[in-house]
Amino acid sequence: MMKKDSGFIGIMVANRNERKYALKKYLDFNTTNMKIFCFTPSEIDWERKSITGIHCLNRKWLQNKFSFPEVIYNRCYRINNRMIERLKANIGSNKWFNHINQFNKHEIHKNLSQWLVQYLPETVLYDKEYTSHLLDIHKVLYFKPCYGNKGKGVYRVELKDSGEIHIGDHHFVPRIIVGDSLQFQEEIHKLVGSIPYIIQKGVDIQKLHNRIFDIRVLAQKNKKGLWSVTNVVSRIAHKGCFNTSMCKKVCLSEEVLNRLYPPNEVNAIIQSIYDISLRAAEIMEMSTSYHLGELSVDFALDNNGFFWIIEVNGKPQKDLYDELNKRSRVYKRPLEYAQYLSEN
């Protein structure tokens with residue numbers, strides 16, 4: 001069995017099918033002197049204090065039993081509290097990061113509101129009776145599950161000048177049209193059900209060639225343990241679609257902004273987005289008990305050139321970056337931060 005003191009980083013993924021794919025990504029960009037293995041929660045043997053995982057040796061993929069590693073980087077979405085406490089007890093709470101990466105959108109909004117309220121669209125917990133009042137004020141609302149995942153279960157609601165209320169999922173073309181507020185309340189309640197939801201004021205999002213786009217900032221801790229921005233990309237939605245999770249194209253945000261603004265304005269926007277994202281990352285750690293090594297912050301740019309924080313994600317989607325230049329840092333930084341944790 002491989003010993004703990006041999007300098008191992010354990011990357012935890014959700015299922016065995018993901019192990020080789022994830023491990024290869026990180027091995028390709030590992031510049032640390034630490035070795036990496038990949039495992040799933042079900043491969044932890046708590047009695048023997050060992051983990052079965054895969055690693056690469058002399059270009060061969062091998063499965064071995066390992067002692068608990070010095071550092072664990074979590075790439076599972078959602079982990080139960082009992083497992084979190086058991087791993088903390090075995091390797092220390094400061095030696096594994098992103099153990100909580102499924103964020104509650106309402107909690108995030110409350111935490112960020114203390115310092116960044118001017119960048120946040122009005123957001124409240126779903127309340128059936130309050131929906132019509134909010135719609136009268138804002139005309140466009142987004143309904144989102146508190147615990148979301150890749151844009152699933154998101155609804156856009158628009159009050160038209162005619163008095164009709166349009167409800168859409170993914171697309172601007174409505175799935176449901178109702179004639180009054182009581183019908184609207186009933187229909188949205190059927191869609192929401194008993195799942196905790198937030199209601200977010202709709203932002204008049206700027207378009208590129210008649211397509212919605214967002215700005216996603218990937219913030220990661222570096223080899224000194226400090227937050228830094230790795231890159232800023234934009235997901236350009238399909239035509240007629242408001243959900244950028246179902247995107248047609250991913251590119252550097254600079255490319256998109258250069259088509260909309262002169263260079264000096266682009267530089268100012270990018271710098272502001274950097275600053276706000278790093279502040280958001282610091283607030284998230286300061287306001288919670290989460291030990292984070294990375295997160296992403298999604299912005300929407302409105303037609304007045306003002307940017308709004310739409311979402312913060314605790315498990316950034318890495319394959320977004322695979323076709324972009326300089327993607328190596330996306331994979332290098334978590335390993336460098338892991339080495340920093342092992343040495344401190």
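The values are calculated or read from the model by the stated rules, or taken from the named source; none is laboratory data. Quantities reported herein were computed from a predicted structural model and do not represent experimental measurements. Cβ placement follows ideal geometry from the backbone for every residue including glycine, while neighbour counts extend to all protein chains displayed. These accessible areas exclude ligands, DNA and RNA; they are computed on the full protein's heavy atoms, side chains included. Shrake-Rupley method; radii C 1.70, N 1.55, O 1.52, S 1.80 Å.
Tabulated values for the structure
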| read-out | value |
| --- | --- |
| Some residue of region 197-205 being at pLDDT below 95 and of a type in the set (Phe, Trp, Tyr) | no |
| Residue among GLU336, GLU294, GLU285 that alone is over 20 Å from ALA237 (Cβ atoms), open to solvent by 10 Å² or more (accessible area, probe 1.4 Å) and touching a Leu at 6+ places or on another chain (Cβ under 8 Å) | GLU285 |
| Test set (1) open to solvent by less than 10 Å² (accessible area, probe 1.4 Å); (2) in contact (Cβ under 8 Å) with a residue 24 or more places away in the chain - VAL266 fails condition number | (2) |
| Only one of PHE299, PHE242 that is closer than 28 Å to ILE167 by Cα, under 15 Å from the mean Cα position of the chain (by Cα) and open to solvent by less than 40 Å² (accessible area, probe 1.4 Å) | PHE299 |
| Failed condition for LEU257, given (1) buried (at least 21 other Cβ atoms within 10 Å of the Cβ); (2) in a loop (DSSP other than H, G, I, E, B); (3) more than 14 Å from the chain's Cα centre (by Cα) | (2) |
| The listed residue being assigned to a strand (DSSP E or B) and open to solvent by less than 40 Å² (accessible area, probe 1.4 Å), out of ILE276, ILE188, ILE177, ILE236 | ILE236 |
| Pair list, Cβ < 7 Å and 6+ apart or interchain, from region 150-173 residues that are more than 24 Å from SER194 (Cα to Cα) to residues that are aromatic (Phe, Trp, Tyr) and open to solvent by less than 30 Å² (accessible area, probe 1.4 Å) | PHE172/PHE242 |
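Yes/no per residue for (1) β-branched (Val, Ile, Thr); (2) surrounded by 14 or more Cβ atoms within 10 Å (Cβ to Cβ); (3) in a loop (DSSP other than H, G, I, E, B):
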residue	(1), (2), (3)
VAL124	yes, yes, no
GLY153	no, yes, yes
GLU158	no, yes, no
VAL173	yes, no, yes
ILE198	yes, yes, no
